[in-house]
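Let me give you the structure first, and then I'll get to my questions.
The values are calculated or read from the model by the stated rules, or taken from the named source; none is laboratory data. Computed from a prediction, not measured in an experiment: that's the story for all the values here. FYI the Cβ positions are ideal-geometry reconstructions off the backbone, even for glycines, and counts take in every protein chain you see.
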Amino acid sequence: MADAHQEPPIREEPPPPPYPSRATKPGLKRLLLTLTVLLSFIAGFPFLLKSTEIYRSPLPHRSIESLSGSLKSNRPFLPCRFHAVFFSSGHRLDELAASIAAAMKKRRSAAVETAVCGKCGAEFNVTVTMMAATDDDGEIGFLDGDDEAVDEMLESLLKRRGVEGGGGGRVYTVFVMEREGMRRVVVGKHRHGWIVGRVTESEAVEMIGGIFVEYFINGGKEGGEVIGENGEFMPVGADGRVVLSFSLLNADPSDWVYDWDFQKTGEIMMAPVVEALAPVANITLESQVLYHTPKSSLSYWDEKLRSYVFSIRDLPFFVNSNEWHLDTSIAAAGRTRVLQFVVYVPSAKECPLLLRLPNGEISMTNGYISPTWGGVVVWNPPECLGPTQDPLAGRRNTGTPRKTIPSMDLQKVFQVFVGQLRQLFGLKSSNVQTTGLGISNFVASENGFTEWELDVLFRHHACSNLDSCVTTLGSLSRLVQSLPRMIVMDEIGKQVKLSLEAASLAQHNASQGIYDASAVSSRKARALAEDAFFHPSIMSISYSSFEHYFAIYMPFFAPVSMHVLLAAAKELKRYKQERAKYLASRARTQ
Amino acid sequence: MDLRCLCLLSLLLLSLGFPPISALGSVAGTDEDFTEELLLKPLPDRKVLSHFHFETSAPHTSVYGRHHRIFPKAVYQLVHKFRIREIELSFTQGRWNYERWGGFDSLSSQNAKPPGVELWASFDVPPDEVDLTWRNLTHALSGLFCASINFLESSTAYSAPQLVPRFNLSGIRYGSLPREAVCTENLTPWLKLLPCRDKAGLAAILDRPSIYKGFYHSQRLHLVSSEFGPNEGVGAGIILVQTLTTVIQPDFQSTDEISLQPSWSISSIFGRKIPGQCVLARLSNVFLELEKGLVVELEKLGLEHVNMKGLSKNPIFELSGTPDRLVGEVSQKSSVFYEFNVNKYAVDDPLDLGITWKLPMVWSCLLAPFHATRFLMGSGNERGSIAISLRSLHSDLGLPSSEFESSPLAKHGCTVRVVIFQVVPWYVKVYYHTLKIFIDGKTYVLSDVIEKMHVSPSEDKLSPGMMEIIFRLPCDMRSATIIVDFDKGFLHIDEYPPDANQGFDIPSAIVSFPDFHASAYLTDKSLSNESLLLFRFQEKNHVQSYTEVLLVPLTTPDFSMPYNVITFTCTVLALYFGSLLNVLRRRVGEEERFLKSEAALKPGLLPKLLTKLSAKLRRKSPESPQPPSPSPPSSSSFVSLRLLLKVILVAVLAIVWHYYLNDN
C-alpha cells in the first residue's frame, strides 16, 4: 500500500520546473474512474443501511402522546346527575337546586380537587322536584317502618316514574319528607337515600349536599381520603383478573386439626360478590388447607382478658412467609393479581388469640388487611375457650381427630372477608360507624356492595385503568424511541393500536355515562397495553447494538473509504493543476 | 367399594395400559387420603437404602368438588390446567448400581432413574395439542420445582415413544435432561406438596446434608389422574405418589473387622430420629427389609425361619425396637419386611430404628437378567459409534431361577424379549442402517432377532433421533452388543451451551425386559389398607434398567471466531481494493520522468515541516537544513510519517465517534 502512494503527493505541490506548462488537455480518465468509485460507494450506502435495517413496526407515538395529553388536561369522568325529591310543597325549586349545588361545591372544595380519579366531574347537575305524598298507584306513607322495605318501595317508585331524563350517567336521588318526629337519615342500597323527620330547608340542603358528595360521589370516604389514589391500591391484576385464594392455616395440627366446608359456605357466600364485581374484575376463587404454619411473632398473655394478645404494632411480623406456603396460583398465570385471605387457627399454646388495636381495644373482627396482599382473620377454636387441658394429652393416639369449623363461625369469618375485600377495593369495611353527617342507617346489600358503591368503583376503575394504560403506552413509546436498534414486532404495534382504540372507546363511553361498558373497555385497554409492554420479544432484548454494527462494518469500510476518498481528492487536485497549467500555456501561446 | 367393583376397575385400568395404580381400600373415592411410609434396607456393599413413599389421593371432582384439605392445590390445578392423565417426574443424582443394589426387584425397576431430570407425560387432549400442552407443562413444572425443566420445551429435547412397554398410551411424551444438577432447591418444593412438609412425620428426618452427600438419591413424583378421558368418574380421582430413594453409606464404627456389616440406625444415617407421625397421615409405617439373598444366608446360619420369635434371640443381628408385624413373602427363601408403626412414637419418645450386626454377613442381591452398559467407540471429532452391550448375569442360561416361573420360557430354543429405547440429540446423527448386532461375538442378521422396531430419524434443529427396538434374543447367550454409527454434526454458534468444551450428554437409554416382572408376592391380601408401599411393590412391573449417560465431545469453535473472520476478511478485501484502485490511477510514464528529474526537486512546505517534526521526534537536531535526498531512508521516513498521519486520523475519528455516541 505504501509504495503505491509513495510518489505523487510530494511532487505535485509545486509545479515542477521542467514542465512549466502543458500543451495538451489533461486527461479525464483517471479522474472519472476514481469519481465513479466514490460515487458508487456513496450511492451504495443507502442500500447498505436498508439491508441492515432492523424491523420496527411503526408505533403511533403521536396518538399516544395526544391521548396522555388529553387525559392529563382533562380527567375522564363519568357524569352523574343528582335529584332531590321533596314530599312537600312551597319550595322554590330553582333556588333549592342552586343552593344544593353550592353546598356540594363547598364540600367538594374542602375535599380533593377534580384531579383525582373516579369523580363526577367539576359541574354538578342538580334537579329538584316536588312530589305529592300520595302516589297514583298508592300511598307512599310516611317513609317509616323497616328501612329495607322503604328502600325497595322508593326504588319501585323511581322505576315507575322513570326519572331517567336526558343525558347519560347515573341518577342519584335523595327524598325529603318533612314531618313531626325524630330525624332519620338513611342511605339505601340502590342509588337513593331519604331524610324523614323535622328538618328545615337549609338543613335539608346541607344534608342532601353531604349525602351526594360524601357517599354517592366519594363512596363513603371522608374528606381527604380518596379511593386508591393513582391506582396504587388497585387490587386488580393488569389483565383484569383477580384470584381470591382462601387458606385455612392450622398453626399446629398436633393440637387440633380444623377443616372447613369451603364448597358450601365459602363459595356460596362469595358468589354474589364475584358477580357484583364482574365489570371491574374477573374474579376466581380457590382454597387450600395448610398445616404447621405458626405465625412468626410471639403474643403475650393478658390476665384480664384471659387470652393471648397480639398488638397491632407487631402485625408486620404476623405473616410468616417462611412457613406459610400460600403460593401463587398455577391457574392464574401471567399478570393476574392474587389476593390471599387467611384464616389462622392458633395452636393450643397461644389460644385464644386476640388482636389489639392501637387504641388499646380488642379488634372486633379479629382480623386485619394488608393492602394489595389480602387479609388475615384469626379464628379461635372453641376448645381453647373451655377449660385448659393438657396439650400433650391427645398426642400419642393415631392422630388428632379432624374437626370442621362450625358453619355459623365460618359465615362470620366470610362476612369479615367480604368487609376486607371492600377495604382492599378502597371502600369502607362497613359504613355503619360513620358519624359525620348524622346518618342513622345504611341499608346493606346482599352481595356486600351497594349499587352506589359499585358506581364509585366503576368510575374509579374506568379512570385509573385509563391512567395506567396511558402510562404504560407512554413508557413503551419512550423505550422504543430510546433504543433505535430494538426490534419491534408487528404484534406489538397491533396491540398498541387496539389498546388505543379501546381507550378512546372507554373515553367515549365515559362521556356518554355508560358505566359498565367504560369500565370494561378501559380494562381491556389496560390489559392490551400491558401485553404490548411485556411482549416476550421485548423482554428478550436481542437487538444488536450500534457498537456491534460498527464493529462489523468498520474493518472494511474504514480502510476502503480512506483509499477512495484520498484517491478522489488527489485526482481532482491534480486535474485542477494540470488544467491550470494547460490554460496558462494556452493563454501564453495565444 | 366391594371387591367385584375393584376388580372391574383394575381390569379397566389395565386394559387402558395404565400401570395398575387403582382405587385403594375403603377410603378411596370418598375422601382424601394421605399415607407416609419408609423402607430401610441394608445393601450387600455396606450401604443402606432408604426409600420414602408418600401417597396422597383426592376423589373425583364430580363427587368431591374442587376444594381439598390435604391434596396440594398446586398439583390439582396442574392436572386440570393441562388435562394430565399421567406424569412421572424424577430428579436424580448419582447412578443406581444395578449389580450391587439390585436390578430385579420392584424398588429398582420403579425407582432407579437416570441422572438428572426425567419426565414422562400423557395428556387427555386432542393429538394436535399434545405438543403445546407439553411445552406449557414443562414451564409450569420448572416453576413449581425450581428446575430448568423448561429446557424440555424445545422440540429437539423430547420425543414420543410408542413401544416402551409401560407407556403404551397414545400421546405420550418423554424428555430427559441428563445434566440437570439436583439439590435442595428441588427438594423443598417437592416437600411442600406434603401436608406436613418436613415439619412432622417421616419427612422430618430428611436432613439435607446427609441426603446429598449420599451415593444416590432420586426424588420422584408420579401423578395419575382419572379426571378426564373415557374412564372418567371411575376410581380415585387423582393419585399423587412421591418417593425419595437414597443410598447412604453409614459411618463405620468398628474398623477392626472388615467383613462385618456396619451397624446403623436412623439417627446415625440422617442425624435425626422420627418424631412421631404426621397427624394427617392415615398410615405411617417404617419397614426394614431383609432381602432374599440375606434371608437365604441367615437360614444357612441356622435361623430357621426369620420370624418374630426368632428375632429377639438371634446370634447374627439385633434390632433396636420391636417390630409390630412381620410381612413375609409367600414362598420361602424370600425377602421379609419388619413393620414398625410410627403412631406409637412421639416427640419425647422418637423412633430410632437400627440394626447391629454380630456376625459378618455376605450376600448378593437380585440381579436383572442382563446387565446393560452403553459406551462410545471411535475417536476424533468426526464420527463414532454407540454400543449397547448386554451381559447375561444368570449363569443358568439367562433364565432366572425359581421365582420367574411366570415367564413362559422353555430352556431350549427359547428367546427373551428385550426392548431398547434410546433418544439421541440431533447433532449426533445416527445412521440407523449401520445397526449391527453381535451375539456371543458372532454377527446376526437383524431381521432374525428384531421383533418390532420404531425409528424416527433426527431432523436438524427440529427433532431428536429416537430408536425403539424389540429384540428377541436367545436365552442361552452370554452377551450381545448392538452397535450403531453416527456422525457428529455442527451447531450454530449460539446453540452451544455454556462450557461447550465439556462435551454433550446423550441421555440414558432404557433397556427393559417385558418377559420379566418384578413384583413381590406377599402373604397379606389386605395390604392396600395397611401399606401402600408394599401394595405398590406387589404390582406387576416390567424389569427395566437405565444405561449410562454418554458424553460426546463435539468440535467446539473458538467463540470469538465470527469477529476474527470479519476483521480478517475485511482487511484483506480492503487491501485488495486499495491496491487495485492505486494501480488503476497510476501514471507509469510520468513517474519515470519524475524519477529522472528528482535531483532538482524541492520538497514542499508540508513535507518539510513534517520532516522537521519527525526529526525532532527522533531527537535529531532540527538544523539539518539539507533537503531530504531521494535516498531510501527519506522515503522510509515518509512512509512512517504517513503511518503516523493515518494513526492520528483514526484516533481523531475514534474520539469524534466516542463523543457522538456519548451524546446519544
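Which of the residues spanning region A:273-300 are away from chain B (no Cβ under 14 Å), touching a strand residue (DSSP E or B) at 6+ places or on another chain (Cβ under 8 Å) and in a loop (DSSP other than H, G, I, E, B)?
A:Leu277, A:Ala281, A:Lys295, A:Ser297, A:Ser299
Conditions tested, residue by residue: (1) in the same structural domain as A:Val174 (by TED's automatic domain parsing); (2) at pLDDT 80 or above; (3) under 30 Å from A:Trp452 (Cα atoms).
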{"residue": "A:Leu35", "(1), (2), (3)": "no, yes, no"}
{"residue": "A:Leu39", "(1), (2), (3)": "no, yes, no"}
{"residue": "A:Pro46", "(1), (2), (3)": "no, yes, no"}
{"residue": "A:Ser57", "(1), (2), (3)": "no, yes, no"}
{"residue": "A:Arg62", "(1), (2), (3)": "no, yes, no"}
{"residue": "A:Leu67", "(1), (2), (3)": "no, yes, yes"}
{"residue": "A:Ser70", "(1), (2), (3)": "no, yes, yes"}
{"residue": "A:Asn74", "(1), (2), (3)": "no, no, yes"}
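Of the numbered conditions (1) touching a strand residue (DSSP E or B) at 6+ places or on another chain (Cβ under 7 Å); (2) touching a residue at least 12 places away in the same chain (Cβ under 8 Å), A:Lys264 fails exactly one; give the number of that condition.
Of (1) touching a strand residue (DSSP E or B) at 6+ places or on another chain (Cβ under 7 Å); (2) touching a residue at least 12 places away in the same chain (Cβ under 8 Å), only one is false for A:Lys264: (1).
Restricting region A:39-71 to residues that are part of a helix (DSSP H, G or I) and among the β-branched types (Val, Ile, Thr), which is surrounded by the most Cβ atoms within 10 Å (Cβ to Cβ)?
A:Ile64
Filter region B:467-511 down to the residues that are assigned to a strand (DSSP E or B) and basic (Lys, Arg), then identify the one that is surrounded by the fewest Cβ atoms within 10 Å (Cβ to Cβ).
B:Arg472
Tally up the residues in region B:42-67 that are among the aliphatic types (A, V, I, L, M) and surrounded by fewer than 18 Cβ atoms within 10 Å (Cβ to Cβ), please.
Residues in region B:42-67 being among the aliphatic types (A, V, I, L, M) and surrounded by fewer than 18 Cβ atoms within 10 Å (Cβ to Cβ): 1 in total.
Just to be sure before I move on: is A:Val319 crowded, with 16+ Cβ neighbours inside 10 Å and modelled with pLDDT of 90 or more in the structure I sent?
No: the conditions fail for A:Val319.
Of everything in region B:265-295 that's polar (S, T, N, Q) and in a helix (DSSP H, G or I), which residue is nearest to A:Val289 (Cα to Cα)?
B:Ser267
Tell me whether region B:174-187 contains one or more residues that are touching a His at 6+ places or on another chain (Cβ under 8 Å), within 14 Å of chain A (Cβ to nearest Cβ), modelled with pLDDT of 90 or more and at negative phi. Step through it out loud before you land on a result.
So in region B:174-187, the residues touching a His at 6+ places or on another chain (Cβ under 8 Å) come out as B:182.
Checking which are within 14 Å of chain A (Cβ to nearest Cβ) leaves us with none.
Scanning region B:174-187 turns up no residue that is touching a His at 6+ places or on another chain (Cβ under 8 Å), within 14 Å of chain A (Cβ to nearest Cβ), modelled with pLDDT of 90 or more and at negative phi.
Output the residues belonging to region A:401-431 that are touching a Phe, Trp or Tyr at 6+ places or on another chain (Cβ under 6 Å) and either at pLDDT below 75 or of a type in the set (Asp, Glu) (or both).
Passing the criteria: only A:Asn431.
Answer with yes or no whether A:Glu491 is within 30 Å of A:Phe550 (Cβ to Cβ) and modelled with pLDDT of 80 or more.
It is true that A:Glu491 is within 30 Å of A:Phe550 (Cβ to Cβ) and modelled with pLDDT of 80 or more.
For region B:183-221, enumerate the residues that are among the hydrophobic types (A, V, I, L, M, F, W, C), under 22 Å from A:Asp327 (Cα atoms) and either without any contact (Cβ under 8 Å) to a residue 24 or more places away in the chain or part of a helix (DSSP H, G or I) (or both).
Across region B:183-221, the qualifying residues are B:Leu187, B:Trp190, B:Leu191, B:Ala203, B:Ala204.
Taking only region A:322-346 into account, find how many residues are in a loop (DSSP other than H, G, I, E, B) and within 13 Å of another protein chain (Cβ to nearest Cβ).
Number satisfying all stated conditions: 14.
Then there is this: Would you pick out the residues in region A:253-267 that are more than 9 Å from chain B (Cβ to nearest Cβ) and in a loop (DSSP other than H, G, I, E, B)?
Result: A:Asp255, A:Trp256.
Then there is this: Picking from B:Arg272, B:Arg208, which residue would you name as being on the phi < 0 side of the Ramachandran plot, loosely packed, with under 15 Cβ neighbours inside 10 Å and at pLDDT 85 or above?
B:Arg208
I need the helices (runs of 4 or more DSSP H) fully contained in region A:462-580, keeping only those with at least 2 residues that are of a type in the set (S, T, N, Q).
Those helices (runs of 4 or more DSSP H) span A:490-512, A:515-533.
Consider B:Ser364 against the criteria (1) at pLDDT 85 or above; (2) outside any loop (DSSP other than H, G, I, E, B): it satisfies all of them except one. Which criterion is unmet?
(2)
Yes/no per residue for (1) under 19 Å from A:Ala444 (Cβ atoms); (2) modelled with pLDDT under 75:
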{"residue": "A:Asp135", "(1), (2)": "no, yes"}
{"residue": "A:Asp146", "(1), (2)": "yes, yes"}
{"residue": "A:Glu152", "(1), (2)": "yes, no"}
{"residue": "A:Gly162", "(1), (2)": "no, yes"}
{"residue": "A:Gly165", "(1), (2)": "no, yes"}
{"residue": "A:Gly169", "(1), (2)": "no, yes"}
{"residue": "A:Arg184", "(1), (2)": "yes, no"}
{"residue": "A:Val187", "(1), (2)": "yes, no"}
{"residue": "A:Arg191", "(1), (2)": "yes, no"}
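Considering B:Thr133, B:Thr138, which residue is assigned to a helix (DSSP H, G or I), surrounded by 22 or more Cβ atoms within 10 Å (Cβ to Cβ) and of a type in the set (Val, Ile, Thr)?
Only one candidate passes the filter, namely B:Thr138.
From B:Leu107, B:Leu141, which residue is hydrophobic (A, V, I, L, M, F, W, C) and under 16 Å from the mean Cα position of the chain (by Cα)?
B:Leu141 is the lone residue from the list that is hydrophobic (A, V, I, L, M, F, W, C) and under 16 Å from the mean Cα position of the chain (by Cα).
The rows are residues; the columns are (1) farther than 30 Å from B:Val419 by Cα; (2) within 7 Å of chain A (Cβ to nearest Cβ); (3) surrounded by 13 or more Cβ atoms within 10 Å (Cβ to Cβ); (4) modelled with pLDDT under 80.
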{"position": "B:Arg536", "(1), (2), (3), (4)": "no, no, yes, no"}
{"position": "B:Thr547", "(1), (2), (3), (4)": "no, no, yes, no"}
{"position": "B:Leu550", "(1), (2), (3), (4)": "no, no, yes, no"}
{"position": "B:Thr555", "(1), (2), (3), (4)": "yes, no, no, no"}
{"position": "B:Pro562", "(1), (2), (3), (4)": "yes, no, no, yes"}
{"position": "B:Ile566", "(1), (2), (3), (4)": "yes, yes, yes, no"}
{"position": "B:Thr569", "(1), (2), (3), (4)": "yes, no, no, no"}
{"position": "B:Val583", "(1), (2), (3), (4)": "yes, no, no, no"}
{"position": "B:Glu590", "(1), (2), (3), (4)": "yes, no, yes, yes"}
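What number goes with the only condition from (1) at pLDDT 90 or above; (2) crowded, with 24+ Cβ neighbours inside 10 Å; (3) away from chain A (no Cβ under 14 Å) that B:Tyr98 does not pass?
The number of the failed condition is (2).
Residues checked against (1) surrounded by fewer than 17 Cβ atoms within 10 Å (Cβ to Cβ); (2) closer than 30 Å to B:His542 by Cβ:
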| site | (1), (2) |
| --- | --- |
| B:Pro127 | yes, yes |
| B:Ile149 | no, yes |
| B:Gln162 | yes, yes |
| B:Ser176 | no, yes |
| B:Glu185 | yes, no |
| B:Pro195 | no, no |
| B:Gly214 | no, yes |
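Please go through region A:347-382 and pick out each residue that is assigned to a loop (DSSP other than H, G, I, E, B), buried (at least 20 other Cβ atoms within 10 Å of the Cβ) and under 30 Å from the mean Cα position of the chain (by Cα).
If the condition is that a residue be assigned to a loop (DSSP other than H, G, I, E, B), buried (at least 20 other Cβ atoms within 10 Å of the Cβ) and under 30 Å from the mean Cα position of the chain (by Cα), then A:Asn366 is the only one that fits.
Is it true that some residue in region B:46-54 is under 18 Å from B:Glu548 (Cβ atoms) and in contact (Cβ under 8 Å) with a residue 60 or more places away in the chain?
Checked region B:46-54: no residue is under 18 Å from B:Glu548 (Cβ atoms) and in contact (Cβ under 8 Å) with a residue 60 or more places away in the chain.
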